[in-house]
Amino acid sequence: MCHDRRLRGKGKITLFDLSLDGGLPQWVRSGFQMEESDYVIAVELDEIWSTSPYWVRCGGNFTVANLPKGESSIPDAPTQQMSVMLRVCEKLREADAKGRRYGLARAETGYLRALVDAMADMDRLAEVELLKSLGDVNLEKGRLGKDVGKFNMALSLYVAAIVRCDHRDQGEGIEHRYEYTERLLQGLSSKESQSKEQPTEDKETTTPAKMAGKFQDMDKRRATGGNTDSLLVGYAQLMVEGIVNDDSMLETEAMKSLGDVYLKRGTETLDTRNLTRASALYNKALARCHNVQGTVVLVHRLLHTAKIRQEITTRNKKQTLRQQDVRGRKDHFSPFSGSYSDVINDEMHRLYSSYHRYLQTADRDLGNGDLDAAEQNLAAALKLVHDRYKPDKAREANCLCRLGNVYVERGKRTGEGRTFTQAAALYNASMARTDGDKQNMVTRLQETERQFLRNTCNVDCEPCPYSSALDHIKELDNMRARVKSQLDTIHQEHNPYQYDEDDPVVREVEIKRAEAIKNLFKMITADRQEFIQVLTDKCIAKLGPPPCKYAFIGLGSQATELVTPYSDLEFAILIEEGKDDDDTRRYFLNLTHYLHLKVINLGETILPTMAIPSLNDFLSEDPEKDWFFDSVTPRGFAFDGFMPWASKTPFGRDKTRTKDSVSLIQTPDKLAEYQNLHIALTEGYHLSDILRRVTYLTGDESLLHEYAERVNKSVDRSADLSRLSALLLLRDNIQQLENVEPTGQLLDVKKEIYRFPSVAVDVLSIFCRITIPSVWGMIEESYRKQRISQEDAHHLTVLISISAELRLRTYIANGGQKDSLSPLTEMKVQLDKDDVDDSFVKSVFYIPNSKMLFRYYYTAIPLKTCIRETVANESQRTNIFQNTIFDNSSLTRARITQQLFYLDASLRQYEAALEEAGSDEEKQYEILFELGKVLQKRGEFANAMSYYKRALTVGNNLHGESKENTNIASLIGNIGLRWSELGDQSKALRYYEQSMKMDKAVYGETTAHPGIAALLNNIGKCWGDLGDNRKAIRYHEQSLEMTKAIYGETTAHPGIAASLNNIGNRWSDLGDKRKAISYYEQSLKMRKAIYGETTAHPDIAGSLNNIGACWSDLGDKRKAIRYHEQSLKMMKAIYGETTAHPDIAGSLNNIGNRWSDLGDKRKAIRYHEQSLKMRKVIYGETTAHPDIAASLNNWEIVGVTLAIRGKLSGITNSH
């Protein structure tokens, strides 16, 4: 059995693999006969892994086609061996499938993960097959990339597989691969040797220090609860590296770490199968371990694992014997409580030992004058303890302070001003992470300024006292306090949102409010200009008078008069014509560095903006080199960053791979050249647009006027540049134009509220060739030139004022440039501290009155259409808007209220819109579809179904019985969803499959598309409701994989969160509650990241409910009640206190069950009665619905219990 045989003269085949000497046959399902065997096997090749002409695994169905004459059965040994091999093929089917679909990288990850399982399950045959498969992957990589290293790795893996192989036939196949690889390698080496001699590499000896470095990232992730599967793959990669390099120390350590992952998993889930796997891996490591210390550690692990297994077994026996329900306990059994803490402590000890070792090495390097090595070691130490969500402030502060010392020393050597500002930023970041006395850091900042003046500016004097910086910080705080006070006053005196939208007084009040907001922003602009002037004058007082006339000119929001007290400082420097020489440039560069130093000492410059190469290397193509995230330092008044896409300061931009360096210290004539068409195209439109709108900050104002004249002449001459700029501005902000309408998700107030109106007015000003910098002035000038009507000017002014006010309010509420704003209702209740996962906590501003947002969208939505039409239209008509830019129609109101979960209002508005639509079938179709969605959200499934069917009738009238219409496909999918919610899963599946077929006809059979991913999720839910949970999980995992492929592996997206939640549901149904909680918590964390930590949203409420149910099943009923009550309060906030909704009914039912479990039957029956009453309202008094049946069942059980108690009480009293 399983010998290589000739197949139609084309090559050799085994039941395991096809090793073809020639080309791969272009068939998928074929039969062949094994010529030299006493029996005949038919093989169906269903799956071909690779298009390589060399190898393929047969993962098809093997069936007996013929029996030898005179025999009643196939010989036992071959049959048994075939069975084993088929099992291995089946085990590897998933990894093979992923490899075919996603390529070699994904295949390698799948094989690594499967290799760990094979070793943990002590499956030698699968282990050998997987080592061979990893060899195949490297062989293919080597063949495609002509990479000697990959060929050598393939050879090493084949050797490792042969050494472990107990089956002669399997070993022969591997040897054949080995020989083939050698031939390829010899052919490649002979070609390369003709051009150059191949160096001989010595194997590097692994030391404990080097090994600690290899494991540091993985150990850190394990210690902080990282994703288990990615940990297993990571450790498996290290193990394979040890196998390939014959490095027993590395291989042993990786196996031990894999065992630790299973040990932790088994202890948390109380699943002894994971403990068995841990023991198997520890035993494998023990067999490969050649030192006493490692042996002792592994024996300790094995004994400890056995002890945990005994504790779990004993506990399970006691539970079985006693049949007791321990109620109300918060303390759960934890076998980790004793000696497993040794394992965790071991991991943390190793991590912190590495951290201190890096610090000690850095100190030595700094003492020896090797600044580059010191920086690299400090960066490695910082990376070890860096967590963007839960920063280790004390250790980060230590590293950053030491790194600041390195940069001061480097500045003293090079005299570069930027190096000193980087040092100052590092010290300030360290100070932000330091509690208590900060005098040490203040002293270092003073020394940094002293060394900057001495080494960069050649000025030997004392720095400004640090009290000066404190005065500037106080002035900035006072400015912000004044702004907040004025905002409050404006809202009290001019509040149009207190009136009904249709009240005539609204227009008059909103005009006054917009005017007051405009004046407030003009005041902020003037205050900032004065603040910058004071800082600049203090710098000049130290450096001495400038060598020529100059002017600081403000860019960006400072010029448009939309700046906030938290905004970045963007500016350029104009210098006198004829004075542009090295000395002049050096002075103004030093002046800019000194001003930057003073701004950094305000304490609001985040480190990534400083582009420190060891932390954030923006010029590298390796994303791993941009890793530091500063979540601690407040982000406020700071220089625009050194990132290539920013750099709107006199420093300009460093040279990149595609563009030359740019300096924004120029004469008026030179700076105006960026308005020339050919230069603007070379640099990109953005720089020319930024430099077109400028304002005075300090210096000689005549230079600004000189520059403005040159810019105006360029704009007047270049109509092409104006039009091109408008088009490119639209293109680069297409995301803001596409996403003008609201969603329930958190809004980025800068990108999604503030940016669109600014871009719109910007485009109009470019199109009309208006160079007035102020956005308020642009609107007034457009009206004066009769390019927009008075009505348009009013709506644009209101729109700009709302967007600017919302950004300002968000920054004030969040204490800096944190742009998260929620349009939904804020919940004022919190879970207990112990139950809150604050990993993704964001500062979020909640709009005090949603009418403000409605008014914004009444203009933003129609403006989006008008802007596109204006730029697309070549005509030079007087009034650039042909349609009104205000729309508060029933349909617009309905859309907004629907997205923001004002469902009653949305229903009324859609019904009014349907009447207004008249005989317009396009509008009818859209409105009927949306009415169905609103009713679905309200839980009125039968009514929703009737609207969907009406929409389908109208849609078919419009489009015919088309099989390729995505709108109809979406509608059919929604009908399926309604049948699912009404309990008919079989009918739902038919609709889903019809919708899927239509979508695939449009997008392609294998295309990753959001609609297809959603359908996969819904099909999974149906199979779960039908009881086939493992089939359901497969669908949910397909959906999850597709959604991640579309939006990104680490993106927080509603579709990814939904798949995680549904997988949790299925594991819960299968009885693995802890695994379910793990998925639910991932989903909850992601949903909070999307919608906001304290936002009332249905998805967050659903996650809370699910987690509560699992904690109940695990025995902690009171913890479960807390989760269910949070969910209930959130749902009532969304749907209404007295609204009948399925999710509210579900929460009431769950709380009733929990109180029943705790023995409070009277409280339980009250909740069950509410739930039952609500479900009958939703589904109908006489409808046979599973939810009603469940409520009746719970109500009856609790009622009977109370009746029995009453009867017993009566009997007791009578005696």
Completion exercise
The correct count of residues that are in contact (Cβ under 8 Å) with a residue 60 or more places away in the chain and basic (Lys, Arg) in the stretch 618-664 is 2
Exercise for the section: State whether the residues of the stretch 1100-1120 include one that is at pLDDT 90 or above and either under 18 Å from the mean Cα position of the chain (by Cα) or not in a helix (DSSP H, G or I) (or both). Expected result: yes
Completion exercise
When (1) touching a strand residue (DSSP E or B) at 6+ places or on another chain (Cβ under 9 Å); (2) outside any helix (DSSP H, G or I); (3) buried (at least 18 other Cβ atoms within 10 Å of the Cβ) are applied to Asp580, the one that fails is (3)
Handout entry: Qualifying positions in the stretch 140-156 - basic (Lys, Arg) and assigned to a loop (DSSP other than H, G, I, E, B)
Key = Lys146
Handout entry: Any hit, the stretch 421-444, residues being modelled with pLDDT of 95 or more, part of a helix (DSSP H, G or I) and in contact with a His (Cβ under 7 Å, 6 or more places away or on another chain)
Key = yes
Problem - Inter-residue pairs, beta-carbon under 6 Å, first in the same structural domain as Ala1189 (by TED's automatic domain parsing) and in the stretch 1139-1164, second part of a loop (DSSP other than H, G, I, E, B), 6+ apart - result: His1141/Gly939; Pro1142/Gly939; Leu1158/Arg327
Practice task
Of all residues in the stretch 1033-1085, count the ones that are surrounded by fewer than 18 Cβ atoms within 10 Å (Cβ to Cβ) and touching a His at 6+ places or on another chain (Cβ under 6 Å).
Solution key: 1
Practice task
Evaluate the following for Arg410: is it surrounded by fewer than 20 Cβ atoms within 10 Å (Cβ to Cβ) and farther than 13 Å from Asp630 by Cα?
Solution key: yes
Practice task
May I ask you to list the residues in the stretch 897-922 that are hydrophobic (A, V, I, L, M, F, W, C), over 33 Å from the mean Cα position of the chain (by Cα) and crowded, with 17+ Cβ neighbours inside 10 Å?
Solution key: Leu907, Ala913, Leu914, Ala917
Practice task
Take the stretch 535-558 and flag every residue that is surrounded by 18 or more Cβ atoms within 10 Å (Cβ to Cβ) and either without any contact (Cβ under 8 Å) to a residue 24 or more places away in the chain or on the phi > 0 side of the Ramachandran plot (or both).
Solution key: Gly556, Ser557
Problem - Residue ID - farthest from Ile1178 (Cα to Cα), chosen from residues in the stretch 986-1004 that are surrounded by fewer than 20 Cβ atoms within 10 Å (Cβ to Cβ) and of a type in the set (S, T, N, Q) - result: Gln994
Fill in the blank from the handout: Subset of the stretch 1000-1043, residues on the phi > 0 side of the Ramachandran plot and modelled with pLDDT of 85 or more, comes to Gly1027
Completion exercise
Among residues of the stretch 350-372 being more than 24 Å from Thr419 (Cβ to Cβ) and of a type in the set (D, E, K, R), the residue surrounded by the fewest Cβ atoms within 10 Å (Cβ to Cβ) is Arg357
Exercise for the section: Scan the stretch 1191-1207 and give yes if some residue there is closer than 22 Å to Phe941 by Cα, in contact with a Phe, Trp or Tyr (Cβ under 9 Å, 6 or more places away or on another chain) and either at pLDDT 75 or above or in a helix (DSSP H, G or I) (or both), otherwise no. Expected result: no
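Within the group Phe637, Phe588, Phe618, which residue is outside any helix (DSSP H, G or I) and farther than 23 Å from Ala374 by Cβ? Talk me through it step by step, then tell me what you get.
On the way: Phe588 fails: outside any helix (DSSP H, G or I); Phe618 fails: farther than 23 Å from Ala374 by Cβ.
None of the others qualify; the one that does is Phe637.
The values are calculated or read from the model by the stated rules, or taken from the named source; none is laboratory data. From a predicted model like this one, the values you see are computed outputs, not experimental measurements. Every residue, glycine among them, receives a Cβ derived from its backbone with ideal geometry; neighbour counts consider all protein chains shown.
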